Amino acid sequence: GKGATNGLLTKDGSALEKMNKVDVLLTDKTGTITEGKPTVDDIQPSALSSINEILALAASLNSNSTHPLGQAIIERAKKDGTEIEQQVSGFENVAGQGIKGHINGKLIALGNQLLMESLQVTISEEIRKAVESAQSNGKTVSYLSKGSDLLGYFSISDQIKASSKQAIHYLLQHDVDVIMLTGDNAHTAKSVAGQVGIKHFKANALPKDKLQEIHKLQEQGHIVAMAGDGINDAPALAQADIGIAMGTGTDVAIQSASLTLLQGDL
């Protein structure tokens with residue numbers, strides 16, 4: 001009852017007892033350290049495309065997605081009055097990389113550099129440098145391709161929660177190591193980690209990587225808590241000694257966790 005009054009739901013009493021022994025907190029980035037309400041800051045088409053075309057294709061592809069980055073692109077398309085009713089077939093969510101599907105018979109993919117590499121899409125040096133500059137400022141970049149051609153990219157920002165830095169500082173002061181695990185790229189991860197005072201982070205982390213990191217720490221004798229909000233975090237939340245879900249996140253994350261923070265506030 002006391003916990004609920006303070007925005008904390010507890011699935012079982014043993015979780016509260018274990019919390020006092022935790023010495024490592026693994027945390028997701030998007031929706032946990034950050035607000036999880038991304039917005040599209042910039043749209044950069046390549047010479048093969050236009051802003052209107054890549055926004056229409058990306059928004060149509062994302063009509064099947066519930067990911068916050070996808071919702072940000074759909075919101076931008078609606079704001080700009082862009083047509084997003086194109087039919088998508090063979091939609092696929094590629095864990096830790098992005099999404100792809102066929103529109104008008106062409107394979108359209110939206111995601112990170114790993115997804116582009118898997119589809120043998122060439123990214124010019126000029127675009128690569130511009131993307132690294134955006135990522136160094138904490139932005140997430142999603143590339144859009146048609147077949148093996150790069151059509152452009154989206155630069156997306158997600159504000160850090162006001163309380164995240166304070167919470168992480170408190171944990172570090174009380175001898176709890178904080179490690180950020182994110183599916184985002186190394187440049188963006190480094191920028192966000194630096195802003196909140198996290199020294200250890202792992203970028204381009206797939207769900208299986210988060211799981212392996214917890215196994216490794218547990219084998220070393222650590223008592224591990226994991227904080228996350230998304231479907232990709234569910235296996236890690238279940239494996240950790242204590243799983244901490246953001247109440248603002250997905251139902252599957254909440255189901256997998258011992259504790260739920262109603263306001264999604266670390």
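The values are calculated or read from the model by the stated rules, or taken from the named source; none is laboratory data. Being a predicted model, the structure only gives us computed values, none of them experimental. Neighbour counts are summed over all protein chains in view; Cβ atoms, including those assigned to glycine, are modelled from backbone coordinates with ideal geometry. The area values use the complete protein model at the heavy-atom level, side chains included, leaving out ligands, DNA and RNA. Shrake-Rupley method; radii C 1.70, N 1.55, O 1.52, S 1.80 Å.
Every residue, every condition in (1) within 13 Å of the chain's Cα centre (by Cα); (2) modelled with pLDDT of 90 or more; (3) not charged (D, E, K, R), yes or no:
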{"position": "THR27", "(1), (2), (3)": "yes, yes, yes"}
{"position": "THR39", "(1), (2), (3)": "no, yes, yes"}
{"position": "ILE43", "(1), (2), (3)": "no, yes, yes"}
{"position": "ALA47", "(1), (2), (3)": "no, yes, yes"}
{"position": "GLY70", "(1), (2), (3)": "yes, no, yes"}
{"position": "ILE84", "(1), (2), (3)": "no, no, yes"}
{"position": "ALA95", "(1), (2), (3)": "yes, no, yes"}
| said: Here is a list: LEU26, LEU114. Which entry is in contact (Cβ under 8 Å) with a residue 40 or more places away in the chain and in a strand (DSSP E or B)? | reply: LEU26
| said: Restricting to segment 68-106, name every residue that is assigned to a loop (DSSP other than H, G, I, E, B), touching a residue at least 12 places away in the same chain (Cβ under 8 Å) and of a type outside the set (Asp, Glu). | reply: THR82, ILE84, GLN86, GLN87, VAL88, ALA95, GLY96, GLN97, ASN104
| If we scan segment 127-144, do we find a residue that is among the charged types (D, E, K, R) and out of contact with any helix residue (DSSP H, G or I) (no Cβ under 9 Å at 6 or more places or on another chain)? | yes
| remark: Selection from segment 232-262 of residues under 18 Å from GLU35 (Cβ atoms), within 18 Å of the chain's Cα centre (by Cα) and open to solvent by 60 Å² or more (accessible area, probe 1.4 Å) yields ASN232, THR248
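Condition test on ALA95, is it open to solvent by less than 70 Å² (accessible area, probe 1.4 Å), within 16 Å of GLY152 (Cα to Cα) and not β-branched (Val, Ile, Thr)?
Considered against the rule, which asks whether it is open to solvent by less than 70 Å² (accessible area, probe 1.4 Å), within 16 Å of GLY152 (Cα to Cα) and not β-branched (Val, Ile, Thr), ALA95 comes out as no.
Residues checked against (1) among the acidic types (Asp, Glu); (2) within 25 Å of HIS169 (Cα to Cα):
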site: GLY3; (1), (2): no, yes
site: LYS37; (1), (2): no, yes
site: SER46; (1), (2): no, no
site: SER50; (1), (2): no, no
site: ALA58; (1), (2): no, no
site: SER63; (1), (2): no, no
site: ASP80; (1), (2): yes, no
| field | Residue in segment 47-65 that is most open to solvent (accessible area, probe 1.4 Å), counting only those that are assigned to a loop (DSSP other than H, G, I, E, B) and in contact (Cβ under 8 Å) with a residue 24 or more places away in the chain | value | LEU48
| message | It is to be established whether one or more residues within segment 200-218 are open to solvent by less than 20 Å² (accessible area, probe 1.4 Å), over 25 Å from THR248 (Cβ atoms) and at pLDDT 95 or above. | response | yes
| task | Quick one: GLN166 ticks every box in (1) closer than 16 Å to GLN44 by Cα; (2) at pLDDT 95 or above except a single one, so which number is it? | result | (1)
| message | Condition first: in contact (Cβ under 8 Å) with a residue 60 or more places away in the chain, farther than 19 Å from GLN195 by Cα and in contact with a Pro (Cβ under 9 Å, 6 or more places away or on another chain). Can you find one or more residues in segment 153-170 that meet it? | response | yes
| task | From the list GLY31, GLY1, pick out the single residue that is at pLDDT below 90, under 30 Å from ALA236 (Cα atoms) and open to solvent by 80 Å² or more (accessible area, probe 1.4 Å). | result | GLY1
| message | So, in segment 235-260, how many residues would count as being of a type in the set (Asp, Glu) and farther than 20 Å from VAL22 by Cα? | response | 1
| note | Among (1) more than 18 Å from the chain's Cα centre (by Cα); (2) more than 18 Å from GLY36 (Cα to Cα), VAL178 falls short only on (1)
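Which count do you get for residues in segment 219-231 that are open to solvent by 10 Å² or more (accessible area, probe 1.4 Å) and either in contact with a Leu (Cβ under 7 Å, 6 or more places away or on another chain) or of a type in the set (Val, Ile, Thr) (or both)?
Residues in segment 219-231 being open to solvent by 10 Å² or more (accessible area, probe 1.4 Å) and either in contact with a Leu (Cβ under 7 Å, 6 or more places away or on another chain) or of a type in the set (Val, Ile, Thr) (or both): 2 in total.
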